[in-house]
Amino acid sequence: MWVYLNGEILEAEKAKISPLDRSFTFGDGVYEVIPSYNKELFLFDEHLERFKSSLNKTFIPIPSEIYNLKGILQELHTKNNFLNQSFYIQISRGVQDIRNHQAAVDTIPTVFITSQDLETNPFRENPCRKGLKVRLEDDIRWQRCDIKTTALMGNILSMHNPSLDKVDEVILCKNGLITEGSKSNIFFVKHGNVYTPSLNNNILPGITREFVIKLLRDNNISVFEEDIPVISIHEFDEVWLTSSTKEIQPVDSVDSFKFPEKKFDELIWKKALSLYSQH
C-alpha cells in the first residue's frame, strides 16, 4: 500500500506523522473521500470545492497540494493499482510542539492521502437483495456537521453501542427531525415524489446527494428538500441512503418498522441507481 504524505509518495509503513500533530491531539483537521471508477475520478471538481470550503470554514491554510490534487491522486492510483479506488484525503492544521487550543500562526498543514479498493455496490449486482437494516439515534454530534472534519466521535458512538443490535447504518434525528445517516445522506419516497432533509448546519452537503437530486430532476422526478419529522417515517413508501462510496442503497427497515413491498419496476431508488450507474 502506497500513501502520500507532505510532498512524497511512499510505502504506508514508512510514512511517519508526529504524535504532536493537531489531528492527533485535537482532531483538528478536515478530510474528503473521492471515488474513482475505471481509473477516472468521479465528481472530482465538486469534491474539491467542498474540501476547500471545509478548509476555509476551519481557518486551515490551503496547502499547495490542493492545486495539484488530481495529479497526486492519479499517481497514487497507479501505485496502488486497483481498478476502482476510494481516496481518503486528510489535511490537519499541522504539528505544534506545545499542546494549546490556540494554534500557532506559523503551523504548517499536514497532508495525508491513502486509497483502498472500492467495493462494488452490492445493489448494482443484485438489486433484488434485501435492503439495509437501520435504527434511529439521537444526533449527538457538534453543531457544524456541514464541515467534513476528522472529529467523528458522535458518528462512531451512534454505530458502536454494544448494548444494541448491530445495524447497517443509523439515521440521526435532532429536535424531532431527521438529519442524515452517520455516514450517509437520506432520501424518502411518497406517491412517486422524493424528499430529503433541507441542508443546514446539522447536515453534510453530500456530493452524491446533490448529484442524485440533479439526476432525478433531469428525469422528471420531483425532489423536495424540506424538514422531515421522525414521526412521519412510517408514511413513506421507500427510504434510501447515498454516499460517495456506497452510492445508492435502499433501506428495508427502521427499528421495528418494515417498509411495504412494492413492484420492483416501481421503485424510485432502483431508477436512481440505474441513472447513477450510467455516469
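Just so you know, all these numbers are worked out from the coordinates, no wet-lab data involved. Being a predicted model, the structure only gives us computed values, none of them experimental. Heads up, the Cβs are rebuilt from the backbone with ideal geometry, glycines too, and the neighbour counts pull from every protein chain shown.
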If you take the square roots of the eigenvalues of the alpha-carbon gyration tensor of segment 51-187 and sort them as a ≥ b ≥ c, do you get rounded (a/c under 1.5), prolate (a/b over b/c) or oblate? oblate
Could you tell me which of rounded, prolate or oblate describes segment 124-277, using a ≥ b ≥ c as the square roots of the eigenvalues of the alpha-carbon gyration tensor, with rounded for a/c under 1.5 and, failing that, prolate when a/b is larger than b/c and oblate otherwise? prolate
For segment 2-118, just list the percent of Cα-Cα distances falling in each 10 Å bin from zero outward, please. 14, 45, 32, 9, 1
If one builds a Gaussian network model of the chain from Cα atoms under 10 Å apart, the most fluctuating residue listed among 36, 53, 18 is 18
Phi-derived 3J(HN,Hα) across segment 230-245 with the Karplus relation (6.51, -1.76, 1.60, θ = phi - 60°), rounded Hz, x for Gly and Pro, is 4, 5, 8, 3, 5, 7, 8, 8, 9, 9, 8, 10, 10, 6, 5, 9
Vicinal HN-Hα couplings computed from phi for segment 167-180 (Karplus, 6.51 cos²θ - 1.76 cosθ + 1.60; Hz; Gly/Pro x): 10, 7, 6, 10, 9, 8, 9, 9, 6, x, 10, 5, 9, 6
Could you give the nm distance between label points at residue 161 and residue 214, where each point is 7 Å from its Cα heading toward the beta carbon? 3.7 nm
Where a Cα-Cα gap under 19 Å defines reach, which lysines qualify for residue 183, not counting those fewer than 8 residues away within the same chain? 133, 148, 166, 174, 246
Going by amide H atoms built from the backbone, whose H comes under 5 Å of the H on residue 94, apart from near neighbours? 22, 23, 110
Cα axis of helix 268-277 to longest principal axis of the chain: angle in degrees, 0 to 90, nearest 10? 40 degrees
By the Cα gyration tensor axes a ≥ b ≥ c (a/c under 1.5 gives rounded; else a/b larger than b/c gives prolate, otherwise oblate), the shape of the chain is prolate
Enumerate the calculated ³J(HN,Hα) couplings along segment 127-136 in order (Karplus 6.51 cos²θ - 1.76 cosθ + 1.60, θ = phi - 60°), each rounded to whole Hz, writing x wherever the residue is Gly or Pro. x, 8, 5, 5, x, 6, 9, 10, 9, 8
